[in-house]
Each structure stands twice: as structure tokens, then as C-alpha cells.
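The values are calculated or read from the model by the stated rules, or taken from the named source; none is laboratory data. Every value quoted in this text rests on a predicted model; they were computed, and no experiment measured them. Backbone-built Cβ (ideal geometry, glycine too); neighbour counts: all protein chains shown. With ligands, DNA and RNA removed, areas are computed over all heavy atoms of the protein, side chains included. Shrake-Rupley method; radii C 1.70, N 1.55, O 1.52, S 1.80 Å.
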Amino acid sequence: MTNAQLKEKLIAYSKEIGIDKIGFASSDPFLSLKDRLETQQELGYASGFEHRNIEERVHPKTHLPEARSIISIAMAYPTRMKHPPKSTKEERRGMFSRSSWGKDYHHVLNDRLNKLIAFLKQEVPEAKTKAMVDTGALSDRAVAERAGIGWSGKNTFIITPEFGSFVYLGDLITSIPFEPDEPLTDLCGSCTKCIDACPTGALEQAGQLNAQKCLSFLTQTKGFLDDEYREKIGNHLYGWDTCQLVCPYNKGVDFHSHTEMEPDPEVAKPKLLPLLTMSNREFKDRFGDIAGAWRGKKPIQRNAIIALAHFRDQSALPTLTELLKNDPRPVIRGTAAWAIGKIGEKESEEAVLLSAKKEEKDEDVLNEINKGLDLL
Ligand code: SF4
């Protein structure tokens, strides 16, 4: 069988196993990406979550010395919940971003990549492969761009003509020299909707994201959130979709082709108050299967406290007081103190904050208690 025939067979098989789009790229080094990554680091725009070694991010052969091509796959995910529960005054709810709906996409994409590997090995037993999803060293987006899956939008997402940018990406480096596909034309044109809509100005310019200002990144940090960002995250517990939602190429896009990606509304849009007192075991049972749990319970709880403050939910005050007094984590005690200041009344909550101030030893928490007192 020729490589061209094998490519056709693989494309047909990819459809059978629910891969929405597949593209093929050369395994040449990603030299323009190297310049971009170095600039990001120099400017302090990197998130710190990315693979640290730039050489490894740029050279596919460091992961598979026999590399001759890279396969990029895309799977479209839903953007609208079928029966979203209402966030009411009595029961306020938070939101996980769409990329965290349903089962953790790393597992879903790895499952499909493993199926592709098994298929390839059946046809070419000596084939060598290396699969990567998100946490791999290569940039999924750079591979997808080169493989003609979509163009790289000004919002930094890969925009496919068929599914918009609501797609998960995965890569498979192979030792088979598949004919590469053509990259797509960038169709952003003069549009700047994503740049204009970003509430923190994190898109410094077209295609350049300052992760340190990006609300999606900030929801995943573990320390105290700066005050200016607390005001902005609203009820977002994890991630941020605005720069995708405003994109004209995502208008009306809502694919429900994969049952694994269907959100459980009670997980994707959970009640806020019960989150604050959840044990590690309960958190793992409820949220352990979603992508948004990867940083553990603390950032989600911190964001839930901020969300309750955003709603000025008076019913949260007893729990927040309990956290301020007894939680061992300074970020949770401090954020609770700030939230009490936001929500409470001077007559009733001043005594709570003053009494905590007497007991507290942590400088950062004391600072938050003072902020809470100022807010009352
Ligand atoms: S919103 Fe406009 S500029 Fe931004 S990615 Fe979409 S098309 Fe491109």
C-alpha cells in the first residue's frame, strides 16, 4: 500500500472513531513558534503552565527521532447546555468554561489517538508513533495550523471553518512520511472582536496573549487573586470563553457529536455554597473526571468565594465566617475575609472581622481582613 492510500484509509478510519477533523503536517521544526515563545517569555506573557523547554516544543524529533510527519486531530465540543439549571437568588451557581464540560478531553483525545496508533501499527507494524494532547511538549495549535485543521485566530485559538474554534486538539508524531496538507488562509481579516471584548486587555495584539492578564489562566492560579480581577471573574469557577464566544466564526456553533463531552449540568454549573465545605473526597467524586479539576480544589473554592461576593449572597456569610476562623489555607481565609466585607453589613460583620484580626498571624490574610473592614 502506498502512503497516499494509507492516508486515505486512516482518514476514513478517523471518521469511524468519531474524530471530526484530521490533518497531516511535516515534522520540520517549528521555527517561527520558537521566536514567538521566546518573545512571550521575555515579555513575561507566558502562563508558566506550558512545557518549559522551548527546544523540545519546537523540534518534533526530540520526541520521536524517526519523525517524518505529524497528524493533527480535532474533536468538536458542545457550547450550549441542553437543560441548564438556573442560578437563583436562593441558590447561586458558578460556571465551568465549555472546555471543561463533560469528561476530561485529555482522556477522550488520547483514546482516539491510541485507536489511530493501533490502526497504523496494524497496517505498518514497524511504524513508530508518539501521541500528545495539550500537556505534550509540542504546541497542538502550531501543529493544527500547519496541518490545515484551521487558521490561528487573533484570539490565539485554532478556528476551523466547520466547527469554529470549539474543538479539542491532539497530535500524533509518526515515522511515516505522509503527504502534508495545506495550511488554511487566515480569515480574521480586519475583525478585532475578540481583542475588543477581552475584559482585561489580555490580547495585547492580534495573536499575542498575555497569560498573566488572561482570566482563564487567572481562574487556575492558586494564590490570592488581584482585586481588579476579582471584580471581573464574576461567577466563573474555571476558564473563560468570551474571546471565543464573540468570534463570528463561532456564531451558532454547537456540536453534540460525542456523548463523553455532554456536560452534567450539576457539575458544569454547580451550586456555589456547597463547594465551600466540600471534602477532598467529595470534590474528587464530583469533579475528578473533568478537565477543570486539574489544579485541585483550592482554586475552585477561592473562585466560588469570589462568585458569592459577586452575587452579594447574604446566605453565604455563616460559611464564610467559619472558613475565616478555621480553614488552614491562608488563600481561603483571606478571600473569605474580603468576601465578608463585600457582602456583609458593618453592624453585624465588623465584629467578625475584628475578632479574626486578633487571632490571625498570616500577613496576607491580615491584609485581606483590613480590606474587608474597609469594604464594610
Ligand atoms: S473574533 Fe474576529 S479577530 Fe478574533 S479570532 Fe474571531 S474572527 Fe479573528
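Evaluating Ser87 against the criteria (1) farther than 28 Å from Gln208 by Cβ; (2) out of contact with any strand residue (DSSP E or B) (no Cβ under 6 Å at 6 or more places or on another chain); (3) touching a residue at least 40 places away in the same chain (Cβ under 8 Å); (4) open to solvent by 30 Å² or more (accessible area, probe 1.4 Å) leaves one unmet condition, (2). Applying the criterion of being of a type in the set (S, T, N, Q) and away from the ligand (no atom under 15 Å from the Cβ) to the residues of segment 197-215, the residue that is nearest to Thr39 (Cα to Cα) is Asn210.
In summary, Trp240 fulfils each of the numbered conditions (1) part of a loop (DSSP other than H, G, I, E, B); (2) out of contact with any Phe, Trp or Tyr (no Cβ under 9 Å at 6 or more places or on another chain); (3) open to solvent by less than 50 Å² (accessible area, probe 1.4 Å) with the single exception of condition (2). Every condition in (1) within 30 Å of Ile332 (Cβ to Cβ); (2) away from the ligand (no atom under 12 Å from the Cβ); (3) open to solvent by 40 Å² or more (accessible area, probe 1.4 Å) is met by Gly223 except one, and the failing one is (3).
Check whether at least one residue in segment 227-249 is out of contact with any Gly (no Cβ under 8 Å at 6 or more places or on another chain), on the phi > 0 side of the Ramachandran plot and away from the ligand (no atom under 16 Å from the Cβ), and report yes or no. Checking segment 227-249: at least one residue is out of contact with any Gly (no Cβ under 8 Å at 6 or more places or on another chain), on the phi > 0 side of the Ramachandran plot and away from the ligand (no atom under 16 Å from the Cβ). Kindly evaluate Arg98 against the criterion of being in contact with a Phe, Trp or Tyr (Cβ under 9 Å, 6 or more places away or on another chain), open to solvent by 60 Å² or more (accessible area, probe 1.4 Å) and within 16 Å of the ligand (Cβ to nearest atom). No, not satisfied.
Of all residues in segment 5-47, which are modelled with pLDDT of 95 or more and open to solvent by 50 Å² or more (accessible area, probe 1.4 Å)? Answer for segment 5-47, where residues must be modelled with pLDDT of 95 or more and open to solvent by 50 Å² or more (accessible area, probe 1.4 Å): Gln5, Glu8, Lys9, Ala12, Lys15, Glu16, Asp28, Pro29.
Okay, residues lined up against (1) of a type in the set (Val, Ile, Thr); (2) open to solvent by less than 10 Å² (accessible area, probe 1.4 Å); (3) within 22 Å of the chain's Cα centre (by Cα); (4) more than 16 Å from the ligand (Cβ to nearest atom):
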site	(1), (2), (3), (4)
Ile117	yes, no, no, yes
Ala131	no, no, yes, yes
Leu138	no, yes, yes, yes
Gly164	no, yes, yes, no
Ile173	yes, yes, no, yes
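Filtered by the rule that a residue be under 20 Å from Ala211 (Cα atoms) and either without any contact (Cβ under 8 Å) to a residue 40 or more places away in the chain or open to solvent by 40 Å² or more (accessible area, probe 1.4 Å) (or both), segment 243-259 gives Leu245, Val246.
A quick yes/no check of all residues on (1) buried (at least 22 other Cβ atoms within 10 Å of the Cβ); (2) touching a Ser or Thr at 6+ places or on another chain (Cβ under 7 Å); (3) not small (Gly, Ala, Ser):
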| position | (1), (2), (3) |
| --- | --- |
| Leu272 | yes, no, yes |
| Gly296 | no, no, no |
| Ala307 | yes, no, no |
| Ala339 | yes, no, no |
| Lys357 | no, no, yes |
| Ile369 | yes, no, yes |
| Leu373 | no, no, yes |
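Looking at the structure I just gave you, is Lys346 modelled with pLDDT of 95 or more and surrounded by fewer than 18 Cβ atoms within 10 Å (Cβ to Cβ)? Considered against the rule, which asks whether it is modelled with pLDDT of 95 or more and surrounded by fewer than 18 Cβ atoms within 10 Å (Cβ to Cβ), Lys346 comes out as no.
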